[in-house]
Amino acid sequence: MSNEIPFDVSMNFVPRAHRPAKPRTIGMTEIRAPHYSTYGTRHMQDVFDVAGQWIDGIKWAGGSFALIPDEQVKAINEIAHHGDAYVSSGGWIETVLRYGDEAVDEYLKRAKDLGMDVIEISTGFIMLPTSGLQRLVERVANAGLKPKPELGIQIGSGGDSAESELAAEGAKDVGDLIDRGKAALEAGAEIIMIESEGITENVAEWNTGVAASIMNGLGQENVMFEAADPLVFEWYLKNYGNEVNLFVDHSQILQLEGMRQNIWGNKGSWGRIINPS
């Protein structure tokens, strides 16, 4: 650890685990935009004023932007851009796909107009073949946006389904996820979002072997794990170090970053997360 990190922080004399400056491609933190928590520009600006140097991107979810006036969506996205963070649509294209090619093209156009940079291509609710996923990746890229497929092992993941409902649907093979992820990366995706359902969420026991297989099969730098639970993101940091890419709730930024920098932790992570500069 170095004595100081090149960021504007108080108590910088206290040694910290190394963190790269933005724009980062490793150790990224993506946060949830208004969805489960309903908030607007004043709250978002507060979040960036306090913790913007630790936020790499914001993610809308569940089509929440489709319930908000355009000017509000643009204003929130502009706050992220001013904070050197990207804006992701989150999962919603699976809804638009039901209405045909023209609807998809219009969605991509309007998303770009609203200031979105990344289009997430979620596959939790739809049975999309790998070839179709590749075509969607290429289509998003051709529209001038960055495609970010979201893959998982749990059928029906990505919504508000109960654990019993998901258990009844069954799970998919992790090898299939890895193959689809490789195909998406070859088609032009820069990173793959990994659904938490079936791994660390809505399961009786965490399926940590799946997480390890994904890390090994796709490469840690090519994946981002959903981890909107402190025990979950602590587990990823403790096992894979502070360069793992994570998606968390906006309320958890400082808690996560404290663990990344090794200035705080729980019993299992205290003093264990080291990264020399």
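The values are calculated or read from the model by the stated rules, or taken from the named source; none is laboratory data. Everything numeric here is computed off the predicted structure, so don't read it as measured data. Because the Cβ atoms are built from the backbone with ideal geometry, glycine has one as well, and the counts that use them run over all protein chains shown. The accessibility values were calculated without ligands, DNA or RNA, using every heavy atom of the protein model including side chains. Shrake-Rupley method; radii C 1.70, N 1.55, O 1.52, S 1.80 Å.
Please return the longest stretch of the chain lacking exposed loop sites, where chymotrypsin sites (Phe, Trp or Tyr not before Pro) count only if DSSP places them in a loop and at most 16 other Cβ atoms lie within 10 Å. Display every interim value, and only then the final one.
Numbers: sites that count: Phe7, Phe13, Tyr36, Tyr39, Phe125, Trp206, Trp264, Trp270.
After excluding every exposed loop site, the longest remaining stretch is 40-124.
To one decimal place, what Kirkwood hydrodynamic radius in Å is obtained for the stretch 19-155 from all pairs of distinct Cα atoms?
15.5
Hey, which lysines would be in cross-link range of Lys109, C-alpha to C-alpha under 21 Å, not counting anything within fewer than 8 residues on its own chain?
Lys59, Lys74, Lys146, Lys148
Quote the FRET efficiency, to the nearest 0.05, computed for Asp173 versus Lys267 with a Förster distance R0 of 35 Å and r equal to the Cβ-Cβ distance. Present the calculation step by step, with values, prior to reporting the outcome.
On the way: r = 35 Å, r/R0 = 0.99.
Using R0 = 35 Å, I get an efficiency of 0.50.
Of Lys22, Lys182, which has the most accessible area with a 1.4 Å probe, and how do the rest follow in descending order?
Ranked from most to least accessible, the order is Lys182, Lys22.
Please get the size of the charge dipole for the stretch 1-155, origin at its Cα centre, with Cβ charges of +1 on Lys and Arg and -1 on Asp and Glu, quoted in debye to the nearest 20.
Roughly 320 debye, rounded to the nearest 20.
At 7 Å along the Cα-to-beta-carbon direction for both Asn142 and Arg24, put a label point, then send me their distance in nm to one decimal.
Reported label-point gap for Asn142 and Arg24 is 3.5 nm.
If ligands, DNA and RNA are left out, what is the accessible area of Lys109 with a 1.4 Å probe, given in Å² to the nearest 10?
110
In the stretch 15-114, which GluC sites (Glu not before Pro) fall in coil by DSSP and have 14 or fewer other Cβ atoms within 10 Å?
Those that pass, being in a loop and sparsely packed, number zero.
Ordering Val210, Val14 from largest to smallest accessible area (1.4 angstrom probe), what's the sequence? Write down the numbers at each step before the final one.
Numbers: Val210 15, Val14 55 Å².
Reading off the accessible areas and sorting them downward yields Val14, Val210.
Among the aspartates and glutamates, which have Cα under 12 Å from the Cα of Lys267 when same-chain residues fewer than 8 positions away are ignored?
Glu234
If I model the stretch 118-157 as equal point scatterers sitting on the Cα atoms and use the Debye formula, what is log10 I(q)/I(0) at q = 0.27 Å⁻¹?
With no solvent term, the Cα-only Debye profile gives -0.89.
I need the calculated FRET efficiency for the pair Asp229 and Glu106, taking r as the beta carbon distance and R₀ as 45 Å, to the nearest 0.05.
The pair Asp229/Glu106 has a calculated efficiency of 0.80.
Relative contact order (percent) for the chain, with alpha-carbon contacts under 8 angstrom and 6 or more residues of separation?
Once normalised by length, the contact order is 19 percent.
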